[in-house]
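Let me begin by presenting the structure, written as structure tokens, before commenting on it.
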Amino acid sequence: MIGGAFLSVITIAGNLLIFLAYFRNEKIRSISNVPILSLAFTDKFIGFFPVNMNIMEMPIGYWPLGKEFCNMALVLDYVSIQSSINHIVLTNFDWYLSIRSPMKNRLHQKISKVITKLFTVWLIAVIIWVPYINIYKHKVRSSNLDDRQCYKQFSKVQDFNFKRYASITTSLIGYFLPLGIVIITYWKMYFIVRQQLYEVPKFCHAINAENKFSAETTKWKQPPPLSDEMPDNTVDMQKNLDLIKKRKRILRHKKALRMIASIISAFLITGLPLNAQWLLVGMCPTCYNKSFDICNFLTYPNSTVNPFLYAHMSRTFRLEFKKLLLCKFLRNYFSDSKEKHVNYRVNYNTKELSRSKST
């Protein structure tokens, strides 16, 4: 229970840093980062509500809040976690578009389109889980199941046959399909960046060859007449600037790939055990094990690590996080130090003045 409370606090605090960084830093406060802000809101809610609801039942062994609150907790839990998964798919796809065609993606970025995408993310999560949980609620009401169990009872499939098919369907549509999409998207981004890395040396070689050729031919040319055409050195400078811009863009893409790889890894590690067991239990109802409860709780740390992955992989987020974490401490420290220094100087000057008067 202490570990769950600690996880809840870290999840809320980490995603709160994303909010503060977004509204404080102009580089972060862009339309392209709105899905990250929405993901932080979703993850913060997961840390605040579902984590605490789940750890309430696990230590004491029963659900103390009744059937109605159990149904609400299940809906909010599974819909918010599914929404977090859908947000990861959305951010991955946005990064893919920004790498494949950066200029076109930048021109077509509008807040209305982003809001539509975010609404779709939540709508898909609701469609996947709300009907299933409502059917389950209706079945529980018409049966004599123990109402002192919530998460544990929902995880089992022996009580109702429809849960076998529902568990397989939700795990395939809600987890394995998004996982396949983000992996395929990542590999496409990887090959695009790899192709760009091959193109840069060719571009450099072409510039060097052209410069060498122009240097040799200018020896035999007569001085050109005055005209409005751009000088050769200006053209070369423009090509070098284009090369520098291309290299910087590739470096940004490589950093984005590292961040995406970290997010996919966390998504895989935290979500695969539970969804693999959903499939297993759907095919073999008697294979339910207590480790299912641990795997269920293991899905929550994904919401905890997401903001720290952004800070670790993105220099802009990392610097802003450091400012937010150290700002208050350093401000208090330096203000106290300055006050002590001023008091010391005042006392020292007072003593010196009194000594001079006494002599």
Practice item. Please go through the residue pairs K67/K117; K137/K163; K117/K254; K110/K323 and name each one whose alpha carbons sit more than 22 Å apart in this structure. Key: K67/K117; K117/K254; K110/K323
Point to revise | Sequence ranges 129-136, 98-105, 75-82, ranked by mean other-Cβ count within 10 angstrom, highest first | key: 75-82, 129-136, 98-105
**Study point:** Cubic angstrom per residue, convex hull over Cα atoms of region 1-119
**Key:** 109 Å³
Check your understanding: Over region 94-192, what number does the Rg to Rh ratio reach, with both radii from the alpha-carbon atoms and Rh per Kirkwood?
Key -> 1.17
Study note, to complete from the structure: Relative to the compact-globule estimate 2.2 N^0.38 Å (N residues), the Cα gyration radius of region 15-57 stands at a ratio of 1.40
Review point. So how do 279-285, 304-310 stack up, highest first, on mean other-Cβ count within 10 Å?
Key: 304-310, 279-285
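Give, in nm to one decimal, the length gained when the segment between K67 and R194 is fully stretched (0.36 nm per residue of separation minus the Cα-Cα distance). Mind dumping the intermediate values first?
Working: separation 127, 0.36 × 127 = 45.72 nm, distance 5.40 nm.
Gain on extension, K67 to R194, equals 40.3 nm.
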Point to revise | Order by protection proxy (mean Cβ within 10 Å, highest first), peptides 179-190, 261-272 | key: 261-272, 179-190
Study note, to complete from the structure: On the formula 1/(1 + (r/R0)^6), with r taken between the Cβ atoms of F119 and F49 and R0 of 30 Å, the FRET efficiency rounded to 0.05 is 0.90
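Throughout, read-outs are computed from the coordinates displayed, never taken from laboratory work. These numbers come from a predicted model, not from an experiment. Neighbour counts run over all protein chains shown; Cβ positions are idealised from the backbone, glycine included.
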